[in-house]
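Novice: Sharing a structure here in structure tokens format.
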Amino acid sequence: MDIEKLKDLIKLIEGSSLAEIDLKEGNNRVRVRRDHKAVDDAPAVSARQVAQHPPVPLPEQAEPTNTGTVISAPLVGVFYRRSSATSAAFVEIGQCVAKGDVLCIVEAMKMMNTVEATCSGVIEAIMVEDGQPVEYGQPLFNIV
């Protein structure tokens, strides 16, 4: 991993309320953690920040039924359901997928990371809206 990318990761975590960033690039993996005390002392989110990223209510069908396999975000970034604004979504609710099919993209530091199905099945729920920020380990899809 490039030293500039590492510096950018550090700046990203210092300038946010994130406690940890875990990034895998090829055979390299970097995890940057903030001291727990620093996280507790982080400033509260301002009204301006909330206005920039208002919470988006999830559709009722996006609620998982606790059956099947949950596909989670592999890193902190922005969730995209399609490869470009004019492309069709990779998957839709009710669509059959095979193990290894691309489900979405998570963009982190201008790097596009594909998220693939870890099993075959049917997409039961999509738990994040397109273009929304996601945290490491946040559930994205439920496959039954």
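Novice: Scan segment 116-144 residue by residue and report those that are without any contact (Cβ under 8 Å) to a residue 40 or more places away in the chain, part of a strand (DSSP E or B) and not acidic (Asp, Glu).
Specialist: Matches in segment 116-144: Val122, Ile123.
Novice: Now, a different point. Among the numbered criteria (1) out of contact with any Pro (no Cβ under 8 Å at 6 or more places or on another chain); (2) in contact (Cβ under 8 Å) with a residue 40 or more places away in the chain; (3) surrounded by fewer than 20 Cβ atoms within 10 Å (Cβ to Cβ); (4) closer than 20 Å to Leu23 by Cα, which one does Val78 miss?
Specialist: Val78 satisfies every listed condition except (1).
Novice: Every residue in segment 121-134 that is in contact with a Gly (Cβ under 9 Å, 6 or more places away or on another chain) and surrounded by fewer than 20 Cβ atoms within 10 Å (Cβ to Cβ), please.
Specialist: If the condition is that a residue be in contact with a Gly (Cβ under 9 Å, 6 or more places away or on another chain) and surrounded by fewer than 20 Cβ atoms within 10 Å (Cβ to Cβ), then Gly121, Val122, Pro133 are the ones that fit.
Novice: With the requirement that a residue be aliphatic (A, V, I, L, M) and either outside any loop (DSSP other than H, G, I, E, B) or without any contact (Cβ under 8 Å) to a residue 12 or more places away in the chain (or both), what does segment 100-115 give you?
Specialist: Correct list: Val102, Leu103, Ile105, Val106, Ala108, Met111, Met112, Val115.
Results for (1) at pLDDT 90 or above; (2) assigned by TED's automatic domain parsing to the domain that holds Asp22; (3) under 29 Å from Lys5 (Cβ atoms), shown as yes or no for each residue.
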| site | (1), (2), (3) |
| --- | --- |
| Ala42 | no, yes, yes |
| Ala47 | no, yes, no |
| Tyr80 | yes, no, yes |
| Val97 | yes, no, no |
| Cys104 | yes, no, yes |
| Cys119 | yes, no, no |
| Val122 | yes, no, no |
| Gln132 | yes, no, yes |
| Tyr136 | yes, no, yes |
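The values are calculated or read from the model by the stated rules, or taken from the named source; none is laboratory data. From a predicted model like this one, the values you see are computed outputs, not experimental measurements. Cβ: placed from backbone, ideal geometry, glycine included. Neighbour counts: every protein chain shown.
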